[in-house]
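A.B. asks: Below is a structure I'd like to ask you about.
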Amino acid sequence: MRIAKMLVALAATTLMLAACASQKEPAEKAVAQVESSLAAFRADAEKYAAEELKGVDASVTKLKNNLAKKDYTSVVKSAPAVASSVNSLKQVVATKKADVEATMAAAQAEWTDLSTKVPQMVEAIQTRVDTLSKSRRLPKNLDKAGFETVKTDLEAMKTEWTEAGSEFAAGMAANAVRKARAAKATGDRILYKLEMTNS
């Protein structure tokens, strides 16, 4: 009787070990696939969806920990949900990346336009300011104090434009365009004060 019980227990243990062993390969494959899928777009995920990536990383880590503990059944059960969250993250990253690229393309196009207009505007205003400084005759709507403001605004415009150029060179096209717009707006105000036509 005792031997029979021992044999039953031994058989049950053997079956359990066999079941675990049969789950080992699928569990390892599942973890490898999840890691491989995530690795394929991790760099973009860090750039475009860092917060969402943290959540997915936590799920993958839990999966790997269960594999390390040889809890293969748990890994096999959990893997599809983790794989699904990796796929969802991939879609989020693709959408955000496409949005950023579209914004950048629009910024690049606007920058091309501004990078022609603003330097021409600066040059025209500078020439006019130099001429007025020598002639001492100011436009009707501009007194000495107003002319000093114009000169100050011109320097501010030049600074804005220089900063815009630096940001564009550093790959920050959207920021560069914002500063270039500000420089152009300053230039428009100066042109109005100096009674110049903005062509």
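The values are calculated or read from the model by the stated rules, or taken from the named source; none is laboratory data. Predicted model only: the values in this text are computed from it and were never measured. Using ideal geometry, Cβ is built from the backbone for each residue, glycine included, and neighbour counts are taken over all protein chains shown.
A.B. asks: Can you confirm whether Leu67 is more than 30 Å from Gly171 (Cβ to Cβ), touching a residue at least 40 places away in the same chain (Cβ under 8 Å) and of a type outside the set (Gly, Ala, Ser)? Break it down stepwise before answering.
C.D. replies: On the way: more than 30 Å from Gly171 (Cβ to Cβ): yes; touching a residue at least 40 places away in the same chain (Cβ under 8 Å): yes; of a type outside the set (Gly, Ala, Ser): yes.
So Leu67 passes the test.
A.B. asks: Given the conditions (1) more than 28 Å from the chain's Cα centre (by Cα); (2) under 30 Å from Asp57 (Cβ atoms); (3) among the charged types (D, E, K, R), which single one is not true for Glu148?
C.D. replies: Unmet for Glu148, out of (1) more than 28 Å from the chain's Cα centre (by Cα); (2) under 30 Å from Asp57 (Cβ atoms); (3) among the charged types (D, E, K, R): (2).
A.B. asks: Considering only the stretch 74-100, state which residues are surrounded by fewer than 16 Cβ atoms within 10 Å (Cβ to Cβ), among the polar types (S, T, N, Q) and in contact (Cβ under 8 Å) with a residue 24 or more places away in the chain.
C.D. replies: Matches in the stretch 74-100: Asn87 only.
A.B. asks: Moving on. Just the residues that are closer than 17 Å to Ala102 by Cβ and either outside any helix (DSSP H, G or I) or of a type in the set (Lys, Arg) (or both), please, taken from the stretch 158-177.
C.D. replies: Gly171, Met172
A.B. asks: Considering the stretch 175-199 alone, what residues qualify as being under 18 Å from Glu110 (Cβ atoms) and surrounded by fewer than 18 Cβ atoms within 10 Å (Cβ to Cβ)? Lay out the reasoning, then the answer.
C.D. replies: Quick first cut of the stretch 175-199, residues under 18 Å from Glu110 (Cβ atoms) only: 175-188, 198.
Listed by number, the residues that qualify are Asn175, Arg178, Arg181, Ala182, Ala185, Asp188, Asn198.
A.B. asks: To continue, here is another question. Do any residues in the stretch 47-63 that are surrounded by fewer than 19 Cβ atoms within 10 Å (Cβ to Cβ) have Cβ atoms under 9 Å from those of residues that are part of a helix (DSSP H, G or I) and at pLDDT below 90, where the two are at least six apart or on different chains, and which pairs are they?
C.D. replies: Lys47/Val100
A.B. asks: So which residues in the stretch 165-174 are without any contact (Cβ under 8 Å) to a residue 24 or more places away in the chain and either within 18 Å of Ala106 (Cβ to Cβ) or not assigned by TED's automatic domain parsing to the domain that holds Ala124 (or both)?
C.D. replies: Glu167, Gly171, Met172
A.B. asks: For the stretch 52-79, which positions are assigned to a helix (DSSP H, G or I) and of a type in the set (Asp, Glu)?
C.D. replies: From the stretch 52-79, those assigned to a helix (DSSP H, G or I) are 52-68, 72-79; that's our starting set.
Selection gives Glu52, Asp57.
A.B. asks: Here is a follow-up. Among the residues of the stretch 108-118, are any farther than 30 Å from Leu194 by Cα and either in contact (Cβ under 8 Å) with a residue 40 or more places away in the chain or under 32 Å from the mean Cα position of the chain (by Cα) (or both)? Spell out the reasoning first.
C.D. replies: Kept after step one, since they are farther than 30 Å from Leu194 by Cα, are these residues of the stretch 108-118: 108.
Those still in the list that are either in contact (Cβ under 8 Å) with a residue 40 or more places away in the chain or under 32 Å from the mean Cα position of the chain (by Cα) (or both) too: 108.
Yes, the stretch 108-118 has at least one match.
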